[in-house]
Amino acid sequence: MSPTQWDLPPELCCRPMAFVALTGLDMVYNAIHRAIWDAFCANRRADRVPISFKVLPGDHEYPKCRTKRTSYEWYIPKGILKTGWMNKHLNLVPALVVVFYELDWDEAQWKEKQSECATKVEIVRTSLQGRNTKVAVVLIQKKTPLPPGEDLIASERAAALCNACDLSGKSLFVLPHTDHLVGYIIRLENAFYEHAQTYYYTELRRVKSHKEFLNKTTHQLLFVRHQFKIAFFSELKQDTQNALKYYRTAYNLVHELRAHETNMLEIKNMAGFINYKICRLCFQHNTPLDAIAQFRKHIDLCKKKIGSAELAFEHAAWMSKQFQSFGDLFDEAIKLGLTAIQTQNPGFYYQQAAYYAQERKQQANQLCYHDLSINYPNPDPLETAAGSLDFYGQRPWRQGHQSIDPPDPEKEKGGILALQRKERDVLHSELIIALLSNAVAQFKKYKCPRMKSHLMVQMGEEYYHAKDYTKALKLLDYVMCDYRTERWWTLLTSILTTALKCSYLMGQVKDYITYSLELIGRASTLREDQKSRIEKNVIKVLMNECPDPEPDCDSSAVKAAQSLWTDRVSLAGSNDFTIEVQDYIPFVQCKAKFLYPSFHVDIPVQLHVYLKTDCPHPIRFSKLCVSFNNQEYNQYCVVEEPCQSTHILEPSAQGNMCLVPRKTRKYTFKFVARTEDVGKKIEITAVDLMLGSENGRCVLINWRGAGGDAASSQEALQATRSFKRRPRLTENEVDWDTVSIQANTMVISRVPRISVQIHHEPPALTNEMYWMVVSIQSQEDTVAKDVKLTAGLKPGQDANLTQTTYVTLNGSEMCDDSHPALLPDISIGELQPGQKVEKSLYVRCGTTGTRIFLVHVSYAVDTTVEDKEIVCKCHKDETVNIETIVPFDVAVKFVSSKFEHLDRVYVDIPFLLMTDILSASPWPLNLVSSELQLAPSMAAVDQLDSQVEQVVLQTGESASECFCLTCPPVASGANGVASGLYVLSWKRKSSRENVPVVSTVITLPHVVVETIPLYVHADLPSFGRVRESLPVKYHIQNRTGLVQDVEMSVEPSDAFMFSGLKQVRLRILPGTKQEMLYNFYPLMAGYQNLPSLTINLLRFPGFTSQLLRRFLPTRIFVKPQGRQVDDASIAAA
Amino acid sequence: MAVCIAVIAKENYPLYIRSIPTENELKFHYTVHTSLDVVEEKISAVGKALVDQRELYLGLLYPTEDYKVYGYVTNSKVKFVIVVDSSNTALRDNEIRSMFRKLHNSYTDVMCNPFYNPGDPIQSKAFDNMVSAMMVQVC
């Protein structure tokens, strides 16, 4: 955009830097000079001193200095600040002029060169006549200088040169052109900077000194001017703190000026400039709150200073610019590291700038179009002789005029007219949109989505005013959904109304209908008459006619639009539109539901579609159709009503497709699901409702899924919360809120009419062939074909169970690993109605635990649904939990021949192995046989025949067996030796003949085997008789390889007399045995303790007779003395 | 006194908006709607702090050139927004607080009505009168 009169001048907005002019550099032909200049210019980062350099020719003419006024007594100022002043001090009048000159100290023609240099300096001095500008000389030398004081010629010649040029020693510099150019340049720069600061300081003092000559009455303007200049010089001097102070004073002085209509603009302009400077410096000093406070003060002071009422738009333009430039300053400060917050960011200022720009537009519309008959004044009052103004903010046709009344009312009128005409050429919308989009960018950054949307609406509306409808629609469309999801209906309606106008003016049929659908719907807050008007327009469009124009549209635009619509009408084709409405809130609502979440395949699927309209008038649709995920069903769910387009509005009660506002209409559909879809879902993918006719225009309103739009879910929620009583409805009517969407249904197989029963006797016993009988009886009316049985372990259980379960149909063989856990698809063939089939199954469970068994019977049957023959596949599942338990427990123990418990056995001494079989089965068990398989380390004493063969055990009963065994000598008996295996063969008593016998193998425990040195056993009869001799023979056997000395004694007993050796000492040779014979003579009847035998081994002191006693009998039963049959006693009895 | 008073549901849709009829109603709707940006930000900032000791009054949301917008949020996240004229300097923070308190009390009464369905637009006469009283007082 080209700069307008409202833009701030660039010299105001830049950062003032000391101006230093460089002369004597030949940039074009001299590479060295070029390098020097580049070193000055390149890399001017923040750490370099702030100087703006300029290369000027040696004889450059600087602006002439006017003769300084000595008295202000008769001086009347013509304005506040001259337009050229800032630029003059930034770019035209240098603080320092540097003369570059190539001269080495050992120059041969020193004299000539010296005078040439002096001449150059003189030329510069002359053109700076009257100014305080400093002059410095830089000698460009080829040699590196010696340290100061060492080069005598140098110091001598330097002094001479200074003298010749009339320079102080401080203004003469040497620049050796060597490797370290940049370093030298930086040192030079710093020296220049000092000179420049001195210059600006003197200038500042000079302006300050004027103050004493001024008086308050005539020189008010000068107070401002001087204060501004002081501040500006301070800035040039980089003394920003003081500059800020001076600017603040200047700002207060501006507002002290006598303001009237003729100088209002000048004052505002100046105030704006100074305010800009203050805010800028505040941001620079990192005191943003000061900047904001200053700006607020500025706005409050200036808000009401409108000036001429006929040029009110100028004030708005100026205000807009104030906000905009503050926003720019703020934004710039943020880029330099300032942090802004949500409630205080540049966006607000851009927004306000946009607001004033809108105001400007409004005022311009009011003020600039009142009289179109008057021509632009001639001569142009806005033309000035110089082409620009002398003072900021003055009127071109009366520059320098400072009194209250305009000098020439006629001229004034012409000037105002010219300004008004000029304003008409301004592209206001463009300005507004640019500001709004700036604001949008800011609010986006500071997390204000709603503010952003609001501004985008404004942008859209501005585009609409600017007649850029495409862009307007794009923006409005973009934000519409935000307002829709937040449910701000008033705002949505307002946006939709604008959008509708845009689409009307562009002749966009589809958009026009889309917006209309929503505007006549329930979310719209339009009045009923407006809705009615829009509805009629929609119907017109559907009948291929032009709609009536929207109200409040520009008349010329309406004309253009009408012709667009006429063209559109005559255009054939592209008259079908599909509008997807689930993200809108259209005037017609839809809910579709399957009656049940699942349907059996032999029952027709039922579907209801409910429709309700919210528009003011009844409306007739031409077609309703439902689409499913399986498109084959689509054909069954269509309602069509051919209607003549002329009767579209006539309400007819019986018209099926004519919807009365706010009345719920129900459509019922029914179809038979395909048998292939059993187990699948039928889903409603879309509902389409056709508006209009296929020969006119037609609009397909499309709901994705089973209806519902942007607002319906919330409405449904509210309805469920509501306590309101439902209105009483007649039988055919439905309350809309009670209908809920059911978008899918499952097709499930027909209910089987078959009975499946399982007979078995739980629990199962480990490893047995468990017998189950499955009986299947058909209750169908027709033949059940292709009957199949799947039986076995239900899949999905523990993997261990699967590995230890085997199922077979053949019960006569034991099954093994090769059998599966589940027998699939056992074909049974056909079942006539009522026929019953039984099937036996055998299951072998290797481990205990609970198993779930599945019996699955499937078959096919022919049925008729809705006069349609279908083959239905049915199946029935039965599951049964079966516990497996161990059939019996076997306990094994070792006992001595006296049935005493043994924890170890002795070599070659017989002992007993006892097995106890305790039945745990609830069913009687038949023990078919048992077998003891001895390990090599064991030997049987006699026959090992089974003692439990064919024994039947009831629950809780036990059976025992007893085997007499001995243990031959073994090498390492102490660790225990294997005893062997015990095998039991058994079956259920109830099981059938051919069921195999189960063999259960029990591993016998290990036993510790020990050797003993002496073995004693006694030969004695099983009983004695009182007073009858009882011979007892003790065998004492030496089992060691040594000769044993045995001491033996028999303790007397009260119950016996005895004969034999009472105490004896004898010697037994290795491996031999000694027999000791005693004759016991019992004295008492009953169980009597035998006289105890005590044996001591002299060679084995630890050997006790206690151990031996285990082998010897301790008691014997003594029968009473036999008596002859006594008659007397019998008689007595 | 106030130029616009609004009650906003937890889900940020309006339950009640009244503005002085002389002005452009739509403008106030936008003002209230945009102020929700600040309300949401403030709620989320407070949410991180102690929830129990939360101050319901949110203070000045943001100043526009002509209006000041104040916010208040109940424990159930229903928001009240009051817009006052910038030029009305008589209204101090305390007055605004008491206005909000009154509004909250009146809103509680509305909620206590067994026939009012929470989430529906407020159509209570008592509430209306209270709001009118607040809007008229000074104007």
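The values are calculated or read from the model by the stated rules, or taken from the named source; none is laboratory data. Please read these numbers as outputs of a predicted model, since none were measured by experiment. Cβ placement follows ideal geometry from the backbone for every residue including glycine, while neighbour counts extend to all protein chains displayed. To get the accessible areas, we keep the full protein, side chains included, count just its heavy atoms, and leave off ligands, DNA and RNA. Shrake-Rupley method; radii C 1.70, N 1.55, O 1.52, S 1.80 Å.
What does the average come to when, for each residue of peptide B:115-128, you count the partner chain Cβ atoms lying within 10 Å of its Cβ? Write down the numbers at each step before the final one.
Details: counts 3, 2, 7, 3, 5, 4, 0, 0, 0, 0, 0, 0, 0, 0.
Shielding by partners across B:115-128 averages 2.
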Quiz item: Averaged over peptide B:4-11, how many Cβ atoms belonging to another chain are found within 10 Å of each residue's Cβ?
Solution: 1
Quiz item: Short version: ³J(HN,Hα) in whole Hz for each residue of region A:626-633, in order, from phi by Karplus 6.51 cos²θ - 1.76 cosθ + 1.60 (θ = phi - 60°), x for Gly and Pro, what are they?
Solution: 10, 10, 10, 5, 9, 5, 5, 7
Practice problem: Any chance you could check the Cα centroid distance between region A:922-952 and region A:484-533 for me, in angstrom? | Solution: 99 Å
Practice problem: Could you give the size of the charge dipole of the protein assembly as shown about its Cα centre, using +1 on the Cβ of each K and R and -1 on the Cβ of each D and E, expressed in debye and rounded to the nearest 20? | Solution: 4160 debye
Exercise. Roll a 1.4 Å probe over the protein heavy atoms and report the accessible area of residue A:1054 in Å², nearest 10.
Key: 130 Å²
Quiz item: So what does the Cα-only Debye profile of region A:804-952 read at q = 0.17 Å⁻¹, as log10 I(q)/I(0), no solvent term?
Solution: -1.14
Quiz prompt | 5 Å binning of all Cα-Cα separations within region A:730-854, expressed as whole percents from 0 upward | solution = 2, 9, 16, 17, 13, 10, 9, 6, 4, 4, 4, 3, 2, 1, 0
Exercise. Over the whole of B:27-39, what's the average partner chain Cβ count within 10 Å per residue? Rounded to a whole number, please.
Key: 5
Exercise. For region A:308-410, state what percent of all Cα-Cα pairs lands in each successive 10 Å bin, counting from 0 Å until the bin that includes the largest distance.
Key: 13, 27, 30, 19, 9, 1
Quiz item: In a shell of Cβ-Cβ distance under 13 Å around residue A:720, excluding residue A:720 itself, what net charge do Lys and Arg (+1) and Asp and Glu (-1) give?
Solution: -1
Quiz item: If you take the charge dipole of region A:266-323 about its Cα centre, with +1 on Lys and Arg Cβ and -1 on Asp and Glu Cβ, which of A:274, A:284, A:313 is farthest toward its positive end?
Solution: A:284
Quiz item: Using only Cα atoms, what is the ratio of the radius of gyration of region A:425-495 to 2.2 N^0.38 Å?
Solution: 1.10
Quiz prompt | Distance violations [Cα-Cα > 28 Å] among A:836/A:987; A:297/A:474; A:666/B:10; A:612/A:670 | solution = A:836/A:987; A:297/A:474; A:666/B:10
Quiz item: For region A:178-329, what are the per-bin percents of Cα-Cα distances with bins 5 Å wide, up to the bin holding the maximum?
Solution: 2, 9, 16, 16, 16, 13, 11, 7, 4, 3, 2, 1, 0, 0
Quiz item: Quick one: which of A:452/B:27; A:216/A:268; A:680/A:868; A:54/A:245; A:268/A:413 span more than 26 angstrom between C-alpha atoms?
Solution: A:54/A:245
Quiz item: What does region A:306-357 give for Rg and for Dmax, in Å, if only its C-alpha atoms count?
Solution: 13.2, 44
Quiz prompt | Alpha-carbon Debye profile of region A:484-640, log10 I(q)/I(0) at 0.13, 0.17 Å⁻¹ | solution = -0.71, -1.05
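Summarise the long-distance tail of P(r) for chain B by giving the % of C-alpha pairs beyond 20 Å.
Counting every Cα pair in chain B, those more than 20 Å apart make up 43 percent.
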Quiz item: Can you give the translational diffusion coefficient of region A:386-534 in µm²/s, computed by Stokes-Einstein from the Kirkwood radius over Cα pairs at 37 °C and 0.692 mPa s?
Solution: 176 µm²/s
Exercise. Give me the accessible area of residue A:552, 1.4 Å probe, in Å² rounded to the nearest 10.
Key: 130 Å²
Quiz item: If one takes the accessible area of chain B alone plus chain A alone and subtracts that of the pair, with a 1.4 Å probe, what total in Å², rounded to the nearest 100, results?
Solution: 2600 Å²
Quiz item: In what sequence, largest accessible area first, do A:120, A:335, A:268 appear using a 1.4 Å probe?
Solution: A:335, A:120, A:268
Self-check item: Cα-derived Rg over Rh, computed across region A:914-1063 with Rh taken as Kirkwood radius
Solution: 1.15
Quiz prompt | Per residue Cα convex hull volume in Å³ - calculated over the protein assembly as shown | solution = 470 Å³
Quiz item: Ordering A:877, A:576, A:26 by how much accessible area each has at a 1.4 Å probe, largest first, what is the list?
Solution: A:576, A:877, A:26
Quiz item: In Å, what is the Rg of the alpha-carbon atoms in region A:479-568, and how long is Dmax?
Solution: 12.8, 39
Quiz item: What would the Debye formula give as log10 I(q)/I(0) at q = 0.18, 0.24 Å⁻¹ for the alpha-carbon point model of region A:1-100, no solvent?
Solution: -1.03, -1.31
Self-check item: Straight-distance crosslink candidates among lysines, where the alpha carbon sits under 20 Å from residue A:111 and sequence neighbours closer than 8 are dropped
Solution: A:120, A:142, A:143
Quiz item: From the backbone phi of region A:29-38, what are the Karplus-calculated ³J(HN,Hα) couplings (6.51 cos²θ - 1.76 cosθ + 1.60, θ = phi - 60°) in whole Hz, Gly and Pro given as x?
Solution: 9, 10, 5, 5, 4, 4, 5, 4, 4, 4
Quiz item: Using alpha carbon coordinates only, what is the Rg to Rh ratio of region A:585-638, with Rh defined as the Kirkwood radius?
Solution: 1.05
Self-check item: Per-selection Kirkwood Rh - region A:357-439 (Cα, Å, 1 d.p.)
Solution: 14.7 Å
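Restricting to the protein assembly as shown, compute how many DSSP beta bridges are antiparallel as a %, nearest 5. Before the final figure, lay out the partial values.
Values: 184 of 221 bridges.
Roughly 85 percent of the beta bridges in the protein assembly as shown run antiparallel, per DSSP.
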Practice problem: Quote the convex hull volume per residue of region A:639-797, based on C-alpha atoms, as a whole number of Å³. | Solution: 295 Å³
Quiz prompt | Mean separation of Cα contacts under 8 Å (6+ apart) over length of chain A, as relative contact order % | solution = 5 percent
Exercise. Any chance you could tell me what percent of the C-alpha pair distances in region A:16-63 go past 14 Å?
Key: 56 percent
Quiz item: Considering the Cα trace of region A:792-870, what is its radius of gyration and what is Dmax, both in angstroms?
Solution: 17.0, 54
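On a 1.4 Å probe surface of the protein chains, which of A:276, A:29 comes out largest in accessible area, and what is the full order?
My answer, sorted largest first, is A:29, A:276.
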Self-check item: Sequence-separation-based contact order of region A:484-582, relative, with Cα cut under 8 Å and 6+ spacing, percent
Solution: 28 percent
Quiz item: Taking square-rooted eigenvalues a ≥ b ≥ c of the alpha carbon gyration tensor, is region A:35-147 rounded, prolate or oblate, where a/c under 1.5 means rounded and, failing that, a/b exceeding b/c means prolate?
Solution: oblate
Practice problem: Would you check the accessible area of residue A:60, probe 1.4 Å, heavy atoms only, in square angstrom rounded to 10? | Solution: 50 Å²
Self-check item: region A:560-604 shape via C-alpha gyration tensor axes, a/c threshold 1.5
Solution: prolate
